[in-house]
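> First, the structure itself, so that you have it in front of you.
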Amino acid sequence: MEIVKFGGSSMATPTTVKLCRDIVASNPQPQVIVVSAPGKFGIYETKVTDDLIRLTKGAPILDIILKRFNDLARELLSTKQYDDYQKILSSTRIAILENPTDYNFIVSRGEYLSAQLFAMYLNYRFIDAYDILVIKPDATIDLSATKQRIKQQHLKQQIPFVIGGFYGQRDGKTAIFTRGGSDYTGAILAVLMHASIYKNYTDTNGIQTANPHLVPNTQTIPCLDFDSLDILTHNGAGVIHENVAKLLEAYRVPLRVDNTFNPHQVFTEIHSTRCRHCQHNFFCVTNKEQHIVIVKKMHGKPVTVQSFESTPQHFVADIQLIHQSLQKQL
Ligand code: ASP
């Protein structure tokens, strides 16, 4: 059994959702599908989660957000499914209006509606993450309570199914992880349901040597060990949520970071047992605004992390220069 997770840009438009469907359909393995809320792509310049956060702060955009889901549904679903989905949209609308101060509930509706939609489109079962994931006050998972729920709900027998990432519950109320937490949901289900692999589909060719939106000629890091991934994700590599590496490593579930828009071509594999490639050198230049971090493993030595401040005017040029010189050293 495999856990397959699609990020926000993969769930953003009818065209991208169809690509996700093709990826699911081409996989002969039984699958648990985890989805994010629709993100930025094409004509959509905002992430649904950001819109929902703005809604909780009083922006009058509830109907605009729901229209985005309605447009997706109209394009993707049959007439009967579309009618059913509209009912889900109206009950969600009512629930949000009745609970205007329930931040976690409102912000989690992006993943909820995305999973409902993709489940209908695939003709798979929908599982509400609220019934399964128990989230602690520090926004980490209560593994033993969640394991119990997986058992109680006979979740293995429900495969294949679609579940929304990012949310769950605590003490009978909706709870959420930190931003990007749908990756974490996928990892939790991968370890507790004993998946053979966790495939995380995003919008880049795996983990890159730098942010390809800022730097030309970035390359895919073909293979990493979990320690290196953990260091990378704690130092600004935004491609995967920072709670994922340690969890997967503890349960020895391998991870593949692949590209929805170019699937199965160039990807990053991350696993515990060191393969030939994992001993290879790698580097990655990350940044949080002008704060630049170089993570590298060179000449068979342990991973090193170097960081320094650039300036708002120069950080892009600085990253590009650093990236170029590291490429020469490899
Ligand atoms: N939608 C949430 C976010 O934008 C969670 C996720 O996509 O992983 O942070």
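The values are calculated or read from the model by the stated rules, or taken from the named source; none is laboratory data. Bear in mind the structure is a predicted one, so any value in this text is a computation, not a measurement. All Cβ positions, glycine included, derive from the backbone under ideal geometry; neighbour counts span all protein chains shown.
> Among residues belonging to region 18-54 that are within 20 Å of residue 103 (Cβ to Cβ), surrounded by 20 or more Cβ atoms within 10 Å (Cβ to Cβ) and aliphatic (A, V, I, L, M), point out the one that is nearest to the ligand (Cβ to nearest atom).
Taking the candidates together, the pick is 37.
> Any residue in region 169-185 that's in contact (Cβ under 8 Å) with a residue 24 or more places away in the chain: show its pairings with residues that are away from the ligand (no atom under 14 Å from the Cβ) and part of a strand (DSSP E or B) at Cβ separation under 7 Å, as long as the two are six or more apart or on different chains.
169/134; 170/134; 175/169
> Yes or no: residue 195 within 16 Å of the ligand (Cβ to nearest atom) and either outside any helix (DSSP H, G or I) or within 15 Å of the chain's Cα centre (by Cα) (or both)?
Considered against the rule, which asks whether it is within 16 Å of the ligand (Cβ to nearest atom) and either outside any helix (DSSP H, G or I) or within 15 Å of the chain's Cα centre (by Cα) (or both), residue 195 comes out as no.
> For residue 12, state whether it is crowded, with 18+ Cβ neighbours inside 10 Å and within 16 Å of the ligand (Cβ to nearest atom).
Taking the combined requirement at face value, the residue satisfies it.
> Next up: Within region 35-76, work out how many residues are at pLDDT below 95 and among the β-branched types (Val, Ile, Thr).
Total meeting the criteria: 1.
> Under 8 Å between Cβ atoms, which residue pairs at least 6 apart in sequence (or on different chains) link something in region 283-309 that is over 16 Å from residue 329 (Cα atoms) with a partner that is crowded, with 16+ Cβ neighbours inside 10 Å and among the acidic types (Asp, Glu)?
Cβ pairs passing all conditions: 292/318.
> Now for a different question. Take the residues in region 91-110 that are within 13 Å of the ligand (Cβ to nearest atom) and β-branched (Val, Ile, Thr); name whichever of them is farthest from the chain's Cα centre (by Cα).
Result: 106.
> Among the residues in region 288-296, are any surrounded by fewer than 11 Cβ atoms within 10 Å (Cβ to Cβ), on the phi > 0 side of the Ramachandran plot and within 25 Å of the chain's Cα centre (by Cα)?
yes
> Out of all the residues in region 144-160, is one or more part of a loop (DSSP other than H, G, I, E, B), more than 16 Å from the ligand (Cβ to nearest atom) and within 19 Å of residue 251 (Cα to Cα)?
The answer is no, given that none of the residues of region 144-160 is part of a loop (DSSP other than H, G, I, E, B), more than 16 Å from the ligand (Cβ to nearest atom) and within 19 Å of residue 251 (Cα to Cα).
> Mind listing just one residue for me: the one in region 55-74 that is among the basic types (Lys, Arg) and assigned to a helix (DSSP H, G or I) and, of those, farthest from residue 107 (Cα to Cα)?
Top of the filtered list is 74.
> Right, another one. What's the number of the condition residue 102 fails, among (1) touching a residue at least 40 places away in the same chain (Cβ under 8 Å); (2) crowded, with 16+ Cβ neighbours inside 10 Å; (3) of a type outside the set (S, T, N, Q)?
Status for residue 102: all satisfied but (2).
> Of the conditions (1) buried (at least 18 other Cβ atoms within 10 Å of the Cβ); (2) among the hydroxyl-bearing types (Ser, Thr, Tyr); (3) farther than 30 Å from residue 1 by Cα, residue 307 satisfies every one except a single condition; which number is it?
Among (1) buried (at least 18 other Cβ atoms within 10 Å of the Cβ); (2) among the hydroxyl-bearing types (Ser, Thr, Tyr); (3) farther than 30 Å from residue 1 by Cα, residue 307 violates only (1).
> Say whether the condition of being closer than 27 Å to residue 92 by Cβ, more than 16 Å from the ligand (Cβ to nearest atom), over 19 Å from the mean Cα position of the chain (by Cα) and polar (S, T, N, Q) is met by at least one residue in region 209-224.
no
> Within region 180-191, can one find any residue that is modelled with pLDDT of 95 or more, more than 12 Å from the ligand (Cβ to nearest atom) and surrounded by fewer than 23 Cβ atoms within 10 Å (Cβ to Cβ)?
yes
> Do you know which residues across region 4-54 are outside any loop (DSSP other than H, G, I, E, B), in contact (Cβ under 8 Å) with a residue 40 or more places away in the chain and among the polar types (S, T, N, Q)?
Within region 4-54, 16, 31, 49 qualify.
> If you don't mind, there's one more thing I want to ask. In contact with a Cys (Cβ under 8 Å, 6 or more places away or on another chain), within 16 Å of the ligand (Cβ to nearest atom) and either part of a helix (DSSP H, G or I) or of a type in the set (Lys, Arg) (or both), is that true of residue 118?
So residue 118 passes the test.
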